[in-house]
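Student: What follows is a structure written as structure tokens; I'll ask about it next.
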Amino acid sequence: MNVSSNTKSRKTYIHYRVCNLCEAMCGLEIEHDGQEILSIKGDEKDPFSKGSICPKGAILGEMYKDPDRLRRPLKKTDSGFVEIGWDEAFNIVGERLNGIRSQYGNDAIALYFGNPTVHNYGALMYAGAFKKAIRTKNNFSATSMDQLPHHFASHFMFGSGMIMPIPDINRTDYMVIMGANPLASNGSIMSAAGVQKRLRDIQQRGGKYVVIDPRVTETAKSSDEHLFIQPDTDVYFLLAMLHVITKEKKYDLGHVEACITNFKEIESIATTYSPESVSQITGVNANDIKRITEEYLNTEKAVLYGRMGVSTQSYGGLCHWLINLINIITGHFDKEGGAMFTNPALPVVRNKKGHNPYGRWKSRVRGLPEFEGELPVSTMVEEMETEGKGQIKALFTHAGNPVLSSPNGGRMDKALKGLEFMVSMDIYLNETSKHADIILPPTTGLEIDHYDLIFNSFAVSNNAKYSEALFPPKDGQRHDWQILKALTKRLSKKKLPLMYRISTPKMWLRLGLLNGSYGNLSTIKKLFTGLNLRKIKRSVHGIDLGPLIPMFPKLIRTKNQKINLAPQLFLDQLKTLQTQFADKRNELLENEFRLIGRRHLRSNNSWMHNTEKLVSGKNRCTVMMNALDADRLGFKNKEEVVVKSKVGEIKIPVEITKNIMTGVVSIPHGFGHHRKGTKLKVAEAHAGVSMNDITDHNRLDALTGNAAFSGQIVKIVR
């Protein structure tokens, strides 16, 4: 709904919507005249975000009118890309992909979906049918580069990869934050618009939050306490916490005691990992480990939370299992102030009890198992390069830029050149889509209606908000779901059901809400009073559905309806960890460092660097180095250095600081806009270099298959 007002010069309108650029779901108040955006600010009446906004949301107007954005299909020719019509583009894609799978088989086609896919409910709703039409086992996504360990631990413990615990940040009194930087991410696997205020509220009610990270992040600077930890060693810190808990038998199972199994197995897991034994490995003082554990145990409303830095390391799966385990056995689980679960208006947890989407097939070259129908993205490049039956010959990408985001991106860049055919659904001619034969640009941002399917399921309170599109598509533009439907029709070997052919995302959304937890059809009582799309649309600021509530055992999807505290896969990897424990942490050579990534509030995905207001100011693509290390090696601030690894090297300026651990360096992700063939206006000063030109695609979390970016050893020279 738009609300109009009069000004002296022209009539203006107010449009309310949810920003869908990141997980935070900030409500926006957009003033416009029907053609141009006049201002964007936070919607103070939004019950979830309460006026919060970040620099990304404030420049949605610039993104909308970006002249570099593609609006019509492009076809690659010998003389470059040319615009073509939609039907011609669809027909070319259908003919070429059908021809390739007829010649080589279904698995010769690979699919890659980037992070923006999950911020678009239309794309999500129609991606499934598209995948079924292709029938390939070579499915990849950004999930296995940042959050797969969360899903993996949740599946084997609770029965579904989408049952992921969320910190009840609004009511907790003690929060341990490991490898996460909510002030830059706005919360991740913890949708928490206005997270800075939420963290400050913990302190104002007499609580405390502690950050454990190799870098003094933006979040760490405002925390009550920060502890440095060596990259790639969080698993030892967590095992030391578990050691203290089990040794002192500080258990509190609460209401979940009746629905757990394998409790006895966990009592001996951490016997050898005392705080003293892991202190030298982690770099965290033993007394600090014991004190943090005791403070956490002795606070009724406390929660342990880990995110990106914990996920992207050699034992990310073990880390997230241990985080869940510790929260469960100490009474900080499914309970106010602890790790809880959202009860969204449209639930995404729908799989049957006992469903096991793991290891049904393996990657051809390295033999890595699938999970939830996807293979680890780190295997994609070798599946393109290695000849033989099942070799990837064609690639379809949606809203992804794996040349910049996947490990060993330089190798990916070369591998894409060898494909027989490639299609990209993307709004830019970027480092990945430049290799495509056909580019299909969908509408985006202000041109689409929006309901957040995924992140309403990971929000720190229950809420619902629907956003109408502000501007209609122009010049024959197509939405993501319309493009996917058109391609599915051309690629499906069977006639599509009538319901699918006439459907729209809004139709599925309406039905989903009716059958949801608050919907008209959920109970007879709610037949006339329940939540539906019409009510949500009328509430332009959104609807507050209340705080997080206990959801167990109702939410459990394991076959025996019990929480499995000690899944065998995790116990088996613990044995591997134990064999490495004694010789862990070899000394680094003089010019060697352990590499970690970082994120900035002004960026999220690589395409955001095309907006001048987001990249203006000082250069953020630097290698952060501790002042003591820089002095030891004779480096000066802003001096250009060479960072080398097994797979490549990059040149990048040094940023000397005290806010990073000695022996550790940090480089941001998403940069590297220096490759030829793109159509972007990113200034040379802001192009930066890609961290993933030096990350090793062979470095994985062996348990989950997630890329292990954090902790890789690099050399730095002049």
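The values are calculated or read from the model by the stated rules, or taken from the named source; none is laboratory data. Only a predicted model underlies this, so the values are computations on that prediction, with no experimental measurement involved. Ideal geometry is used to build each Cβ from the backbone, glycine not excepted, and the neighbour counts take in all protein chains shown. Calculation scope for accessible area: heavy atoms of the full protein, side chains included, ligands and nucleic acids excluded. Shrake-Rupley method; radii C 1.70, N 1.55, O 1.52, S 1.80 Å.
Student: What are the pairs, 6+ residues apart or on separate chains, where a residue within the range 242-268 that is in contact (Cβ under 8 Å) with a residue 60 or more places away in the chain has its Cβ under 6 Å from a residue that is open to solvent by 60 Å² or more (accessible area, probe 1.4 Å) and of a type outside the set (Gly, Ala, Ser)?
Tutor: Cys259/Pro553; Cys259/Lys562; Thr261/Lys562
Student: Take Ile543 and tell me if it is in contact with a strand residue (DSSP E or B) (Cβ under 9 Å, 6 or more places away or on another chain) and either open to solvent by 30 Å² or more (accessible area, probe 1.4 Å) or closer than 25 Å to Gln712 by Cα (or both).
Tutor: Here the answer is yes, as Ile543 does meet what is asked.
Student: Considering only residues that are in contact with a His (Cβ under 6 Å, 6 or more places away or on another chain) and surrounded by fewer than 23 Cβ atoms within 10 Å (Cβ to Cβ), which ones fall in the range 271-304?
Tutor: Matches in the range 271-304: Ser274 only.
Student: Given Asp232, Asp252, which one is of a type in the set (D, E, K, R) and open to solvent by less than 40 Å² (accessible area, probe 1.4 Å)? Steps first, please.
Tutor: Numbers: Asp252 fails: open to solvent by less than 40 Å² (accessible area, probe 1.4 Å).
The conditions single out Asp232.
Student: What is the number of the single condition among (1) open to solvent by less than 30 Å² (accessible area, probe 1.4 Å); (2) under 26 Å from the mean Cα position of the chain (by Cα) that Gly530 does not meet?
Tutor: Looking at each condition in turn, Gly530 falls short on (2).
Student: Residues to consider are Ser154, Ser144; find the one that is in a helix (DSSP H, G or I), out of contact with any His (no Cβ under 9 Å at 6 or more places or on another chain), open to solvent by less than 10 Å² (accessible area, probe 1.4 Å) and touching a residue at least 40 places away in the same chain (Cβ under 8 Å).
Tutor: Result: Ser144 is the single residue among Ser154, Ser144 that is in a helix (DSSP H, G or I), out of contact with any His (no Cβ under 9 Å at 6 or more places or on another chain), open to solvent by less than 10 Å² (accessible area, probe 1.4 Å) and touching a residue at least 40 places away in the same chain (Cβ under 8 Å).
Student: Report yes if some residue within the range 385-394 is under 22 Å from the mean Cα position of the chain (by Cα), more than 13 Å from Ala436 (Cα to Cα) and of a type outside the set (Phe, Trp, Tyr); otherwise report no.
Tutor: First, pick out the residues of the range 385-394 that are under 22 Å from the mean Cα position of the chain (by Cα): none.
For the range 385-394, residues under 22 Å from the mean Cα position of the chain (by Cα), more than 13 Å from Ala436 (Cα to Cα) and of a type outside the set (Phe, Trp, Tyr): absent.
Student: Is at least one residue of the range 381-389 open to solvent by 10 Å² or more (accessible area, probe 1.4 Å) and under 14 Å from Leu111 (Cα atoms)? Show your work before the answer.
Tutor: Taking the range 381-389 and keeping what is open to solvent by 10 Å² or more (accessible area, probe 1.4 Å), we get 382, 384-389.
Now narrow it down to the ones that are under 14 Å from Leu111 (Cα atoms): 384.
Within the range 381-389 (the criterion being open to solvent by 10 Å² or more (accessible area, probe 1.4 Å) and under 14 Å from Leu111 (Cα atoms)), the answer is yes, since at least one residue qualifies.
Student: Could we say that Glu294 is more than 24 Å from Leu199 (Cα to Cα), in a helix (DSSP H, G or I) and touching a residue at least 40 places away in the same chain (Cβ under 8 Å) here?
Tutor: no
Student: Follow-up. Tell me which residues, restricted to the range 450-498, are surrounded by fewer than 18 Cβ atoms within 10 Å (Cβ to Cβ) and among the charged types (D, E, K, R).
Tutor: Glu468, Lys474, Asp475, Lys489, Arg490, Lys493, Lys494, Lys495
Student: Say we look at the range 207-228 and pick out the residues that are β-branched (Val, Ile, Thr) and either within 28 Å of Thr558 (Cα to Cα) or in contact (Cβ under 8 Å) with a residue 60 or more places away in the chain (or both); which of these is surrounded by the fewest Cβ atoms within 10 Å (Cβ to Cβ)? First the steps, then the outcome.
Tutor: Of the residues in the range 207-228, the ones β-branched (Val, Ile, Thr) are 210-212, 216-217, 219.
Right, trim to either within 28 Å of Thr558 (Cα to Cα) or in contact (Cβ under 8 Å) with a residue 60 or more places away in the chain (or both) and you get 210, 212, 216-217.
Values: Val210: 21, Ile212: 26, Val216: 17, Thr217: 26.
It comes out as Val216.
Student: Please list, ordered by residue number, the helices (runs of 4 or more DSSP H) wholly in the range 1-113 having 2 or more residues that are under 30 Å from Pro376 (Cβ atoms) and open to solvent by less than 20 Å² (accessible area, probe 1.4 Å).
Tutor: Ranges flagged: 86-104.
Student: Is it the case that Trp607 is closer than 29 Å to Asn181 by Cβ, under 27 Å from the mean Cα position of the chain (by Cα) and in a helix (DSSP H, G or I)?
Tutor: Answer is yes for this residue.
Conditions (1) under 27 Å from Thr233 (Cβ atoms); (2) under 26 Å from the mean Cα position of the chain (by Cα); (3) modelled with pLDDT under 95; (4) open to solvent by 50 Å² or more (accessible area, probe 1.4 Å), marked per residue:
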{"position": "Val615", "(1), (2), (3), (4)": "no, yes, yes, no"}
{"position": "Leu628", "(1), (2), (3), (4)": "yes, no, no, yes"}
{"position": "Lys638", "(1), (2), (3), (4)": "no, no, no, yes"}
{"position": "Gly672", "(1), (2), (3), (4)": "no, yes, yes, no"}
{"position": "Ala685", "(1), (2), (3), (4)": "no, no, yes, yes"}
{"position": "Ser690", "(1), (2), (3), (4)": "yes, yes, no, no"}
{"position": "Asp693", "(1), (2), (3), (4)": "yes, yes, no, no"}
{"position": "Ala702", "(1), (2), (3), (4)": "yes, yes, no, yes"}
{"position": "Phe709", "(1), (2), (3), (4)": "yes, yes, no, no"}
